[in-house]
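A short reminder: the numbers here are calculations on the coordinates, not readings from a lab. Every value quoted in this text rests on a predicted model; they were computed, and no experiment measured them. So basically every Cβ, Gly included, is an ideal-geometry build from the backbone, and we count neighbours across all protein chains shown.
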């Protein structure tokens with residue numbers, strides 16, 4: 001916007017003020033293209049955003065009731081203060097903001113483009129008056145000679161000038177950093193693109209959450225607080241979840257070994273950690289939380305007397321497990337150290353028509369159960385608990401549009417702030433005393449202090465051109 | 001922990017530099033402020049070394065990571081950025097009076113840092129990402145730019161009173177002309193603003209990679225947006241509505257106040273996902 005205001009000041013042809021009052025449509029249009037509105041919207045958005053950081057968002061109603069009086073709760077709920085950033089009025093502010101910057105662009109961009117395409121290559125008296133940087137002098141010699149010399153000097157000292165001959169006057173015009181004029185439009189466009197990406201993600205994407213216990217898979221998700229159900233075209237299995245810690249006990253890594261299963265086949269396997277998600281078919285899985293899935297279980301390895309394995313058991317406290325053709329086994333108690341012999345499990349074995357057997361299994365002595373001379377030998381593999389991994393699941397087809405907008409924004413802002421549209425004019429005219437009258441003038445769209453120094457240098461170079 | 005000793009030395013140097021710049025103003029003595037500049041340069045060297053040593057020491061502890069991940073580290077990094085930004089400004093504008101207004105910001109930041117836990121803690125899993133570097137560095141360079149701008153704005157408000165009264169005396173008389181200060185208010189912001197923009201964007205990219213959502217209206221995110229909106233308003237007001245001088249200075253100071261709240265206030269007062277201050 002800087003660009004246009006400056007262009008207006010220096011170059012716009014003064015238009016006589018309209019006598020009639022503008023039409024209602026023009027009034028609405030003028031409202032939406034005003035920078036005053038932009039500043040107002042920016043400040044109002046900033047102030048409104050503060051409320052959502054003071055009032056905690058999206059908490060259960062009970063929590064708000066604890067903090068606020070009933071009347072305050074009713075009022076705040078009424079104006080959506082508990083989910084403020086998605087309320088109609090906040091969205092309306094964003095729409096106003098977007099409309100404003102779109103209208104500003106529509107209004108100003110064509111004007112700017114015209115100015116850039118048809119620069120004022122001739123330094124006439126009107127233009128000269130608006131330029132603060134200028135100098136004039138006289139030289140002996142011919143007009144065409146000096147025009148050629150200065151043209152060459154300007155090329156080396158600044159940029160190649162465009163030469164316009166007009167009777168006994170020659171105009172030179174050179175410019176650099178025209179891109180600076182486009183920076184503001186690139187920036188405004190980038191904001192619109194980011195909003196389009198965000199809307200796309202809201203409509204076509206989803207955010208969800210799933211807990212998968214170790215060894216199990218999931219293909220069904222709830223989204224939007226359980227209002228929507230999503231069936232993935234594949235399922236995800238949690239092979240294992242684990243936590244690594246630093247020597248001081250702080251968590252170092254949360255990791256889940258995941259497999260993607262499609263039509264019963266594993267098509268992808270990856271260990272995900274926080275900051276390293278898994279992606280399949282545009283759906284992302286993020287390590288988000290974890291916990292214990294169910295009770296602590298005791299692991300028992302079962303073998304036959306010849307040593308061949310007959311399976312493993314996971315015993316929950318007190319729950320009997322039936323072994324076909326044998327009987328039932330259940331765990332009664334466990335201890336870290338049984339009679340100085342390390343961890344042990346107290347089990348009860350019941351067989352049909354036989355007395356109940358109670359005995360301890362020692363983890364460090366797997367062969368100890370052979371002394372029962374039974375049909376099956378049990379050995380205690382330790383206590384364990386199954387973990388579940390908590391995964392954030394997201395699909396966002398708009399995210400790349402958002403990144404495009406972000407990149408454009410950085411480029412646009414850099415163009416607008418770090419480039420400067422610098423212009424230099426030279427006018428050579430045949431004077432009445434036979435000498436050539438020279439006027440050198442310059443302007444910059446920003447960073448005028450730096451340009452002043454540059455202009456001094458150009459002036460020195462041009463003046464130093466010899467006969 | 002030799003890094004902490006070096007940071008403590010930095011604190012002292014910032015204090016000495018601030019005192020020298022202030023003394024130079026009172027005594028109207030350019031030589032004193034020249035010493036101040038050299039103290040600032042020395043402080044830049046010492047604090048850069050301290051950051052390097054701290055980084056190295058974290059590797060020796062087996063938890064190697066960039067030293068910008070808790071309140072102590074972010075404070076010293078902020079002070080480091082302000083000092084460097086200031087030295088560039090002093091050199092560009094060839095005026096040493098800024099030091100009296102900017103270096104105390106660095107000094108008091110370091111004093112505040114000294115009262116915080118300076119031990120090197122390992123990184124929690126959420127912070128283990130290369131985005132951390134880009135995100136923190138861009139944000140803090142942005143913050144430093146806003147700090148310098150606010151310092152210049154404060155000077156401008158002092159100076160403009162004298163200029164309107166057409167007097168030029170005392171300490172204020174030594175300050176650069178109002179036009180120069182006004183230019184610095186603006187220029188520091190046009191460096192800070194793109195950096196803050198990049199900081200918000202890298203933060204969003206990181207959040208998306210870690211949590212699957214690039215914007216979740218968490219208080220820190222929201223406050224960074226508020227800061228961005230205030231400076232966006234500043235830039236529009238200045239460029240198209242001719243907000244120069246006093247109004248620009250007040251807006252710059254307002255912007256810096258929101259920046260400080262975004263940086264510290266959010267962590268100390270509100271809750272959220274950002275790690276320091278907890």
- Query: So, in Å, what gap is there between the alpha-carbon centers of the range A:130-156 and the range A:406-467?
  - Reply: 13 Å
- Would you compute, from DSSP H runs of 4+ residues alone, the mean residue ellipticity of chain A at 222 nm, taking -39500 (n - 2.57) per run and dividing by the full residue count, rounded to the nearest 500? -11500 deg cm²/dmol
- Tell me, what is the FRET efficiency for residue B:216 and residue A:322 to the nearest 0.05, using R0 = 45 angstrom and their Cβ-Cβ distance as r? 0.35
- Query: Nearest 0.05, what FRET efficiency do residue A:59 and residue A:464 give at R0 = 51 Å with Cβ-Cβ as r?
  - Reply: 0.10
- Note on the structure: Between the alpha carbon centres of the range B:99-160 and the range A:277-317 the gap in Å comes to 48 Å
- Taking Cα pairs under 8 Å and at least six residues apart, what relative contact order does the range A:198-268 come out at, in percent? 22 percent
- Query: Mind checking the mean number of beta-carbon atoms from other chains within 10 Å of the Cβ atoms in A:284-292?
  - Reply: 2
- For chain B, what is the calculated [θ] at 222 nm in deg cm²/dmol (nearest 500), taking -39500 (n - 2.57) for each run of four or more DSSP H residues and dividing by its residue count? -26500 deg cm²/dmol
- Query: What FRET efficiency would be calculated for the residue pair residue B:59, residue A:242, taking the C-beta separation as r and a Förster radius of 35 Å, to the nearest 0.05?
  - Reply: 0.90
- Task: Output the Kirkwood hydrodynamic radius of the range A:127-178, Cα pairs only, in Å rounded to one decimal.
- Result: 12.4 Å
- Return one number: the angle in degrees, 0 to 90 and rounded to the nearest 10, between the long axis of the Cα atoms of helix B:99-114 and the longest principal axis of the Cα atoms of chain B. 30 degrees
- Return, for the Cα atoms of the protein assembly as shown, the radius of gyration and Dmax in Å, separated by a comma. 35.4, 137
- Query: Tell me, what is the percent relative contact order of chain A, built from C-alpha pairs under 8 Å that lie six or more residues apart?
  - Reply: 20 percent
- Task: Would you mind computing, in nm to one decimal, how far apart the modelled labels at residue A:453 and residue A:86 are, each placed 7 Å from Cα along Cα→Cβ?
- Result: 5.3 nm
- Query: Taking a spot 7 Å from the Cα of residue B:164 along the direction of its beta carbon, which residues of the range B:248-262 have an amide N less than 20 Å from it?
  - Reply: B:248-254
- Task: In Å³ and rounded to a whole number, note down the convex hull volume per residue for the Cα atoms of chain B.
- Result: 117 Å³
- Mind pulling the angle between the C-alpha long axis of helix A:143-157 and the longest principal axis of chain A? Nearest 10 degrees, somewhere in 0 to 90. 20 degrees
- Query: Which shape class applies to the range A:186-287: rounded if a/c is under 1.5, otherwise prolate when a/b exceeds b/c and oblate if not, where a ≥ b ≥ c are the square roots of the Cα gyration tensor eigenvalues?
  - Reply: oblate
- Item | Nearest-ten-degree value, helix B:2-27 long axis tilted from longest Cα axis of chain B | 10 degrees
- Please give, to one decimal in nm, the separation of the simple spin-label points placed at residue A:310 and residue A:165, each 7 Å out from Cα toward the Cβ. 11.2 nm
- Task: Give me B:103, B:155, A:76 ranked fewest to most by other Cβ atoms within 10 Å of their Cβ, as a rough exposure proxy.
- Result: A:76, B:155, B:103
- Spacing of the two label points (7 Å from each Cα toward its C-beta) at residue B:179 and residue A:359, in nm: 10.2 nm
- P(r) histogram, all alpha-carbon pairs of the range B:1-156 included - 10 Å bins from 0, percent: 11, 40, 31, 13, 3, 0
- Query: Taking 0.36 nm per residue of separation and subtracting the Cα-Cα distance, what length does fully extending residue A:131 through residue A:31 add?
  - Reply: 32.9 nm
